[in-house]
1. Being among the polar types (S, T, N, Q) and surrounded by 10 or more Cβ atoms within 10 Å (Cβ to Cβ) is the filter here, so list the residues in the range 1-16 that pass it.
2. Pull out all pairs, ordered by first then second residue, where Cβ-Cβ is under 9 Å, the residues are six or more apart or on different chains, the first lies in the range 1-30 and is assigned to a loop (DSSP other than H, G, I, E, B), and the second is aromatic (Phe, Trp, Tyr) and modelled with pLDDT of 90 or more.
3. Restricting attention to the range 47-79, and to residues there that are farther than 30 Å from ASP21 by Cα, of a type in the set (A, V, I, L, M, F, W, C) and in contact with a helix residue (DSSP H, G or I) (Cβ under 7 Å, 6 or more places away or on another chain), which single residue is surrounded by the most Cβ atoms within 10 Å (Cβ to Cβ)?
4. Scan the range 33-46 residue by residue and report those that are in a helix (DSSP H, G or I) and either of a type in the set (Phe, Trp, Tyr) or open to solvent by 10 Å² or more (accessible area, probe 1.4 Å) (or both).
5. Within the range 89-99, is even one residue outside any strand (DSSP E or B), of a type in the set (Val, Ile, Thr) and within 18 Å of THR158 (Cβ to Cβ)?
6. Residues of the range 17-32 being open to solvent by 30 Å² or more (accessible area, probe 1.4 Å) and either modelled with pLDDT of 90 or more or of a type in the set (Ser, Thr, Tyr) (or both), which ones?
7. Only one of GLY87, GLY127, GLY114 is touching a strand residue (DSSP E or B) at 6+ places or on another chain (Cβ under 8 Å), at positive phi and of a type in the set (Gly, Ala, Ser); which?
8. Among the numbered criteria (1) open to solvent by 60 Å² or more (accessible area, probe 1.4 Å); (2) charged (D, E, K, R); (3) at pLDDT 95 or above, which one does GLU128 miss?
Amino acid sequence: TNRRIEPGRIYLIDSGAQYEDGTTDITRTVIVGDPTPEMRDRYTRVLKGHIAIATVVFPKNTTGAQIDAFARKPLWEAGLDFDHGTGHGIGSYLSVHEGPQRISKVGHTPLEPGMMLSNEPGFYKVGEYGIRIENLILVERRDIPGGDRDMMGFETLTLAPIDLRLVDPSLMNADEIAWLDAYHRRVCETLGPDLDGETRAWLDAATRPLG
């Protein structure tokens, strides 16, 4: 739409592109000006759900429906939720939304190594603002020492800063902060060498550690 972006407003952009070697889909939410305490609370709860999906480990034959609630728990604890699936399958030469894999209440296809999905919990306050953090993730095998089941997890593929101005560290535990710091370090180390000096300085600030 042509809605003006003004100070104190959240800006959500869902973008992506299709290339010869694959399809991308990414959403970032940024604040213009200063966020309210409520905005930081909601954003951090969405981020906690995002991290829960990014770090979950699950046995073979697990479906997306079985892990969807991991993304919602931080919101449920505050009496909140979002009304879309947590993740959809990603195509290569076909659709941005391509099954059969998905992370949702109706995602009943077992997740298998090589499947690519989105990880995109959100929160939407009607008439006010929307929040969503979306990365693409790849199902991969995980070796759990001492375990007796074939286990799976996710590799995060998308590399882009998460707006730290909207994060309330007091709502996060040590493991969540460690994940965010490690993710931002990877973003900076991977993208930084290709940037000019001014942009690299911005990236360094945008990916500064919380811990």
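1. Within the range 1-16, SER15 is the sole residue that qualifies.
2. Close Cβ pairs satisfying both conditions: ILE5/TYR11.
3. This residue is PHE70.
4. As a first pass, look at the range 33-46 and keep what is in a helix (DSSP H, G or I): 37-46.
The answer is PRO37, GLU38, MET39, ARG40, ASP41, ARG42, TYR43, ARG45.
5. Checking the range 89-99: at least one residue is outside any strand (DSSP E or B), of a type in the set (Val, Ile, Thr) and within 18 Å of THR158 (Cβ to Cβ).
6. Selection gives TYR19, THR24, ILE26, VAL30, VAL32.
7. Working: GLY87 fails: at positive phi; GLY127 fails: touching a strand residue (DSSP E or B) at 6+ places or on another chain (Cβ under 8 Å).
Only one candidate qualifies: GLY114.
8. If we test GLU128 against (1) open to solvent by 60 Å² or more (accessible area, probe 1.4 Å); (2) charged (D, E, K, R); (3) at pLDDT 95 or above, just (3) comes out false.
The values are calculated or read from the model by the stated rules, or taken from the named source; none is laboratory data. None of these values were measured; they are calculated from a predicted model. Cβ atoms come from the backbone with ideal geometry, glycine included; neighbour counts cover every protein chain shown. All accessible areas refer to the heavy atoms of the entire protein, side chains included, with ligands and DNA or RNA removed. Shrake-Rupley method; radii C 1.70, N 1.55, O 1.52, S 1.80 Å.
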